[in-house]
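Asks: Got a structure for you, questions after.
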Amino acid sequence: MTLTPTLTFNDGNTIPQLGYGVWQVEDDVAEKVVGQAFDAGFRHIDTAKIYGNEAGVGRAIAAAGLSPEQLFITTKLWNADQGYESTLAAFEESMERLGLETLDLYLIHWMQPKQEKFVDTWKALIELQKRGRVTSIGVSNFTVEGLQRLIDETGVVPAIHQIELHPYFSQQGLREFGAANGILTQAWSPLGQGGELLKDSVVAGIAAKHQATPAQVVIAWHLAIGNVVIPKSVTESRIKENFGALEVTLDDQDIAAINGLDRSASGEGRIGADPAVSDFA
């Protein structure tokens, strides 16, 4: 089986660079497809409370017969649970659903700037790490300013920052801030939710060159530029195809061509909400 490369966090722990995401996967389906992901070779699974499928992921973990040391499991705190004490309580509920005693990575799901709770929430994650319940802690959907506040007010730098990131929206500024501060970058919607990106003539040309699929080329691009990447599919053949991206090696010309697809300068490219202004329960 192909071994997934790992990247090292600023706390010294490691994360498999390629994982399997389960956003918008129903709980009963999650049990099945996470099992298929394990069979394909994935060992890194990314879920969240708001996805409503932590229990299904937990059942798949229990059925897999893999040791905790073989797996890397991430879940995320939902917005309504922000705040110190509520974070600690929400964590325990997630762990019960997952059927785990310790978690590899716990993330704040959104910054929620108007709530002004994210620093206290971060302090709760720091406490969970001190207690040994979570190995590594990080955030999702923050701004540079929000990340800087966490660092300045607690002295603890997030291990990873999970954000919308794909060739049409490459997030260069956040990636550069992360690199300068020892924060790994993780991409959600890494394939741009399919559609237009996977039909792009640049991506298609590179796929033909490497005898790969467009999805494999985009995943290979993420891996090449240093992102942690968590593609999602509920189709077994595509789950296997996505894991097969580990066999695709892009050259500098390929990477430059894909870099050139970024639409950020025109104000386009983003699919999801903007963390700078998004507050929702």
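The values are calculated or read from the model by the stated rules, or taken from the named source; none is laboratory data. Values in this document were obtained by computation on a predicted structure and should not be read as measured data. Cβ coordinates were reconstructed from backbone atoms using ideal geometry, including for glycine residues, and neighbour counts include every protein chain displayed. In case anyone asks, the SASA skips ligands and DNA or RNA and just uses the protein heavy atoms, side chains included. Shrake-Rupley method; radii C 1.70, N 1.55, O 1.52, S 1.80 Å.
Asks: Rounded to whole Hz and in sequence order, give me ³J(HN,Hα) for segment 161-177 from the Karplus expression 6.51 cos²θ - 1.76 cosθ + 1.60, θ = phi - 60°, writing x for Gly and Pro.
Replies: Coupling constants for segment 161-177: 10, 9, 9, 4, 7, 7, x, 7, 8, 8, 6, 4, x, 5, 5, 5, 4 Hz.
Asks: For the pairs K76/K123; K32/K240; K32/K76; K209/K232; K49/K240, note any where the Cα-Cα span goes beyond 19 Å.
Replies: Beyond 19 Å between Cα atoms: K32/K76; K209/K232; K49/K240.
Asks: Once you place label points 7 Å from the Cα toward the Cβ at K32 and T235, how far apart are they in nm?
Replies: According to this spin-label approximation, the distance is 1.5 nm.
Asks: Same structure again: Determine the relative contact order of segment 145-274: mean sequence separation of Cα pairs under 8 Å and six or more apart, normalised by residue count, in whole percent.
Replies: Reported as a whole number, the value is 27 percent.
Asks: Can you give me the long-range amide H partners of T185? Hydrogens built in the peptide plane at 1.01 Å from N, cutoff under 5 Å, separation of 5 or more residues or another chain.
Replies: H161, V228
Asks: Right, next: Could you give the size of the charge dipole of segment 11-193 about its Cα centre, using +1 on the Cβ of each K and R and -1 on the Cβ of each D and E, expressed in debye and rounded to the nearest 20?
Replies: For segment 11-193, the charge dipole is close to 220 debye.
Asks: So between F280 and L66, what do we pick up on full extension, going 0.36 nm a residue minus the alpha carbon distance?
Replies: Separation in residues times 0.36 nm, less the Cα-Cα distance, equals 73.4 nm.
Asks: Ok, one more. What list of ³J(HN,Hα) couplings, whole Hz, do you get for segment 94-104 from phi and the Karplus terms 6.51, -1.76, 1.60, once you set θ to phi - 60° and write x for glycine and proline?
Replies: Going residue by residue, I get 5, 5, 5, 5, 6, x, 10, 8, 10, 10, 6 Hz, with x marking Gly and Pro.
Asks: Oh, and also: Enumerate the calculated ³J(HN,Hα) couplings along segment 137-154 in order (Karplus 6.51 cos²θ - 1.76 cosθ + 1.60, θ = phi - 60°), each rounded to whole Hz, writing x wherever the residue is Gly or Pro.
Replies: 10, x, 9, 9, 6, 10, 9, 4, 5, x, 4, 5, 4, 4, 5, 5, 8, 10
Asks: What percent do you get for the relative contact order of segment 11-193 when only Cα pairs under 8 Å and 6+ apart count?
Replies: Worked out over segment 11-193, it gives 15 percent.
Asks: How much length, in nm to one decimal, is gained on full extension between L88 and K114, taken as 0.36 nm per residue of separation minus their Cα-Cα distance?
Replies: Gain on stretching L88 to K114: 7.2 nm.
Asks: Let me cross-check I183: its accessible surface, 1.4 Å probe, with only protein heavy atoms counted, in Å² to the nearest 10?
Replies: Estimated to the nearest 10 Å², I183 gives 10 Å².
Asks: Tell me which residues come under 5 Å, amide H to amide H, from F42 once H is placed; ignore anything under 5 positions away on its chain.
Replies: It is none; the list stays empty.
Asks: Grab the beta carbon distance between K209 and N181, set R0 = 51 Å, and tell me the FRET efficiency rounded to 0.05.
Replies: Taking R0 as 51 Å, the efficiency between K209 and N181 is 0.90.
Asks: Multiply the residue separation of E196 and D251 by 0.36 nm, subtract the distance between their alpha-carbon atoms, and state the gained length in nm to one decimal.
Replies: Values: separation 55, 0.36 × 55 = 19.80 nm, distance 2.31 nm.
Gain on stretching E196 to D251: 17.5 nm.
Asks: Ok, one more. Please give the solvent-accessible surface of E93 in Å², to the nearest 10, using a probe radius of 1.4 Å with every protein chain present.
Replies: So the heavy atoms of E93 present about 90 Å² to solvent.
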